[in-house]
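Notes follow the structure.
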Amino acid sequence: MDMIQGLLIILLSMWMVIDQQGLVLTTWFPIMVALFSGLIMGDMQTAMVIGGTFQLMALGVANIGGSSVPNWGLATVVGIYVAIRTTHDIEQAKAVALAVGVPVGMLGIQLDVLAKLLNTYVTHAAQRAANAGQFKKMNRIMWIGPVIFALSTGVPTALCVLFGDQIVIAILNFVPEWFTNGLSIAGNMLPVVGIALLLQVMPVKKYLTMLLIGFVLAAYLNIPILGISIVGFALAYYYFTTQMSKAEAQTTTGMTMDEGDDFDE
């Protein structure tokens, strides 16, 4: 069973980057890969807590223009695998996942750059084959690109799967206790940081009343997130239909006035 879980985790990490480069069926967001990692490892609660932590770290980070950013999806997969194998305590698992996943995610920057550099040569080779009219050869060469990207995440994941416990023990023995405690504190502060980042891009001033309603429902009435989402959807639907009715009324009024002007003429 452990071997099957390790193999599935490696395949998930390889599929994640391939999906990121084109298909986007499952997405590479930490919270999404945490869902599949939790299914594989059989501990959905721990996986989703770790995935949510890394998702908040990934907020506001995007590889615009082909730039490389920390691979928090890879950090999530590796962190969940090692944490669940190491401990069953959620707080301890989160600290282990951060201690292991953050360095792996930062390593993902260099691996992503290396993969893109290698794929530059792949693209030029395919272009030369296309210019020579060798289209079958071109297609075969183009398959090398996804393989390179898959290896950029599959290799570090495989190393963590094969030497997971030893890596964690070595890291925890090397890293001082104050640092791991700091990671745990930072992980608990990340929800606040994530909300602050979201508020910067949301039209808060325009919809401040909606924000206050959601805050009261969550903080004082202890309504679950699903209930708050339903209330939010109802308010959004009411606002949308009201605005559409106003737009239709203005359009109708404008057409009536135009028709009246034509009749007068």
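So here's what we get for this one:
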| quantity | calculated |
| --- | --- |
| Accessible surface of Met14 - all protein chains present, 1.4 Å probe, nearest 10 Å² | 50 |
| Accessible-area value, Lys116, 1.4 Å probe, nucleic acids and ligands omitted, Å² | 60 |
| Potential extension, Met3-Leu211 segment - 0.36 nm per residue separation minus Cα distance | 70.2 nm |
| FRET efficiency, 1/(1 + (r/R0)^6) with R0 45 Å, evaluated for Ala132 and Met44 via beta carbons | 0.30 |
| Pairwise label distance in nanometres, Trp178 with Gln243, each label 7 Å out on the Cα-Cβ vector | 5.2 |
| Within the accessible area of region 1-141 (1.4 Å probe), percent carbon and sulfur | 67 |
| Highest to lowest packing among 119-126, 48-55, scored as the average C-beta count within 10 Å | 48-55, 119-126 |
| Along principal axes, Cα extents of region 1-160, largest first, whole Å | 60, 36, 25 |
| Length gained when the stretch Asn222-Val113 is fully extended (0.36 nm per residue, less Cα-Cα span) | 34.7 nm |
| Residue-by-residue Karplus 3J(HN,Hα) for region 109-114, coefficients 6.51, -1.76, 1.60, Hz, glycine and proline x | 4, 5, 5, 5, 4, 4 |
| Euclidean distance between Cα centres, region 1-45 to region 93-166, Å | 16 |
| Region 106-149, relative contact order [Cα under 8 Å, separation at least 6], % | 42 |
| Taking region 1-140 and dividing mean pair separation by its residue count, relative contact order in percent (alpha carbons under 8 Å, at least six apart) | 19 |
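The values are calculated or read from the model by the stated rules, or taken from the named source; none is laboratory data. The model shown is predicted, which means the values in this text are computed figures rather than measured ones. All Cβ positions, even for glycine, are placed from backbone atoms using ideal geometry, and neighbour counts span all protein chains on display. For the accessible areas, the whole protein counts, side chains as well, though only heavy atoms, and no ligand, DNA or RNA atoms are used. Shrake-Rupley method; radii C 1.70, N 1.55, O 1.52, S 1.80 Å.
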